[in-house]
Amino acid sequence: MKNFRWFVPTLYILFLMAPIYWLLNMSFKTTNEILGGFSLWPKDFTIDSYVEILTNPVWYNGYINSLSYVLLNMIISVSFALPAAYAFSRYRFLGDKHLFFWLLTNRMAPPAVFALPFLQLYSSMGLFDTPLAVALAHALFNIPLSVWILEGFMSGVPKEIDETAYIDGYSFPRFFVKIFMPLIASGIGVTAFFVFMFSWVELLLAKTLTSVAAKPIAAVMTRTSSTAGYELGLLAAAGVLTIIPGAIVIWFVRNHIAKGFAMGRV
Amino acid sequence: MNKTQNNKAWFLVLPVLAIVSLNAIVPLMTVVNYSVQETFGNNLFFFEGVRWFREVLDSERFQDSLLRQFSFTGIILAIEIPLGVAIALSMPKKGIWASVCLVLMSLPLLIPWNVVGAMWNIFALPDIGLLGYTLNAMGFDYNFTRQAISAWFTVILMDVWHWTSLVVLLAYAGLRSIDDSYYQAARIDGASKWAVFLYIQLPKLKHVLTLAFLLRFIDSFMIYTEPFVLTGGGPGNTTTFLSIDLVKSALGEFNLGAAGAMSLIYFLMTLLVCWLFYTLAMRGEER
């Protein structure tokens, strides 16, 4: 019995890999071969689809746009959340619990509810079709998430460290940057990972808030998928390329993922 | 941790409060505004009271998408939670293989949602997709763009593919936090594997499983992109879930009043669940 334990995870991973393999398979086929019929691997191996994506500005700008609002969102979310998380983990103040709950409700708000009002809000602010608009909109669910995860990590740092630092004559900002932030470095890493994840995978808001100049890769792809059929190879290649940044990020935080989840704070 | 009472801590929270308020309160009030007014264009609005709410709640369209939404959420929860726990239980405990499992299993979580939809579209095409071709070759009549049952099967399988890993990761983390002494005590008592699961592992997992359950509930309740890209809500309206319906009537038909009322009803439902979640999770943590 014991020797068969690996069987379940292996089967599950095979199930996970099957659609990804199929995407890879399609991305290396020529259009003729794709439409020609079913085949388990590419017979006319070609990298034309990838070449097209990496040389056509419509395509590669999509990646640049996506990455720029994700990074912008990461900076906004983490830097805003840090002091707030510290307040929640160290102090009791008027209305703290209500505030915390209210923040959380925003993590639970369906983006579909906010799509139209966001469009109007950011248009009237003159931010429509900029990466900043998407980054700010994604902050709606990423800031509460960051506060939540960071608060968990900060509560793990004993309070005596703060007090000792104050006695040693550190001011609050100096203490926070020089002593406290290095202590919760792994927490900041895990937070950045989840912020990256939720901003990278979200499409509804990103698509609603952009039209031409800041169009995310995901929206570029929807355009191709609606013209159907003959551009399947391109679509597949673009899909494969969107998996890569995520895979790289996972590799970096692989030892922290379980811990981040374990805190029960996603 | 015993916290100090200090109202100056508000200053630390202020930046977050400002940016989230901008994002949450202004749009929410816009929605409230729409939900009680009627417009004939030209920015002329007339107060309508609760008419939109009554209309939405009475409409068959809303009731149907709500029913579809609950069926979908119920089915995926019934599959993903037990499956996730079973996989977490049989995963390697440490070493290189544990890392390999974690990395490979997290992969679906980091794929943009529309790519998930597009990927499954290609995977399930009846003539050239691996899944569709295999099913048809095995003698099933499968075509997810034409048959409601096939479409549902594909959407559910896709969600299981996409999100079971989240349950696995949570359950795995929960299992790792169980102290070895529990297992030793169980061995001395000669407890069976089933008894160990029922009396040690399951109670210890209660907290993370509550969390997994509610996270999956909320996220599947808001599902939009994946089914939209995969089936476009069809065939007919058979896979039109709440979010798809809402976006259709707000951004597609520009039916502001009805969409506003529907948004609020929708938001209140998730808020109720959120409150439940918060109370349950916080009771476990004793904060």
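Each reported figure results from applying straightforward, stated rules to the coordinates on display, with no laboratory input. A quick note: this is a predicted structure, and the numbers were derived from the prediction, not measured. In this analysis, Cβ positions are derived from the backbone assuming ideal geometry, glycine residues included, and neighbour counts consider all displayed protein chains.
Short to long, the 5 Å bins of the Cα pair-distance histogram for the range A:30-148 hold 2, 9, 13, 13, 13, 11, 9, 8, 8, 6, 3, 2, 1, 0 percent of all pairs. The convex hull around the C-alpha trace of chain B, projected and averaged over every direction, spans 22.1 square nanometres.
Eigen-decomposition of the gyration tensor built on the alpha-carbon atoms of the range A:144-219 gives equivalent ellipsoid semi-axes of 37, 13, 9 angstrom, largest listed first. Which is the longest stretch in chain A that no exposed loop site breaks, taking sites as trypsin sites (Lys or Arg not before Pro) with a DSSP loop state and at most 13 other Cβ atoms within 10 Å? Between the exposed loop sites, the longest stretch runs A:44-266.
Across the range A:56-262, Cα pairs under 8 Å and at least six residues apart give a relative contact order of 34 percent. When only alpha carbons are used to place a centre, the range A:67-145 and the range B:196-242 end up 23 Å from one another.
When the Cα positions of B:T225, B:V247, B:W275 are compared along the charge dipole of the range B:182-287, B:W275 comes out farthest toward the positive end, with charges on each C-beta of Lys, Arg, Asp and Glu. Only helices enter the 222 nm calculation for chain B: every DSSP H run of n ≥ 4 contributes -39,500 (n - 2.57), and dividing by all residues gives -23000 deg cm²/dmol, rounded to 500. Note that the range A:168-178 has calculated 3J(HN,Hα) couplings of 6, x, 6, 7, 4, x, 5, 4, 4, 7, 7 Hz, one per residue in order, obtained from phi through the Karplus relation 6.51 cos²θ - 1.76 cosθ + 1.60 (θ = phi - 60°); glycine and proline are x. Only helices enter the 222 nm calculation for chain A: every DSSP H run of n ≥ 4 contributes -39,500 (n - 2.57), and dividing by all residues gives -24500 deg cm²/dmol, rounded to 500.
Backbone amide hydrogens, once placed in the peptide plane, bring A:R92 within less than 5 Å of B:T4, B:Q5, B:N6, excluding anything fewer than 5 places away on its chain.
For the range A:143-148, the Karplus equation 6.51 cos²θ - 1.76 cosθ + 1.60, evaluated at θ = phi - 60°, returns couplings of 5, x, 4, 5, 4, 5 Hz by residue, with Gly and Pro reported as x. Close amide H partners of B:Q37, meaning residues 5 or more places away or on another chain with modelled amide H under 5 Å apart, are B:E48. Only Lys, Arg, Asp and Glu carry charge here, each on its Cβ (+1 for the first two, -1 for the last two); on that basis the range B:59-254 has a dipole of about 600 debye about its Cα centre. Computed over neighbours whose Cβ is under 15 Å from that of A:L209, the net charge equals 0, Lys and Arg +1, Asp and Glu -1. Once the convex hull of all Cα atoms in the protein assembly as shown is built, its volume per residue stands at 177 Å³. Computed from backbone phi, the HN-Hα couplings of the range A:150-160 come to 4, 4, x, 5, 5, 5, x, 8, x, 5, 4 Hz, rounded to whole numbers (Karplus: 6.51 cos²θ - 1.76 cosθ + 1.60, θ = phi - 60°; Gly and Pro given as x).
Using a Gaussian network model of chain B in which every pair of alpha carbons under 10 angstrom is joined by a spring, one finds that among B:S59, B:S99, B:S192 the greatest mean-square fluctuation is at B:S192. At 25 °C and a viscosity of 0.890 mPa s, what translational diffusion coefficient does Stokes-Einstein give for the range A:56-262, taking Rh as the Kirkwood radius over Cα pairs? Give it in µm²/s as a whole number. Estimated diffusion coefficient is 131 µm²/s. Which of B:G260, B:G190, B:G84 moves most in a GNM of chain B, Cα contacts under 10 Å? Residue with maximal mean-square fluctuation among B:G260, B:G190, B:G84: B:G190.
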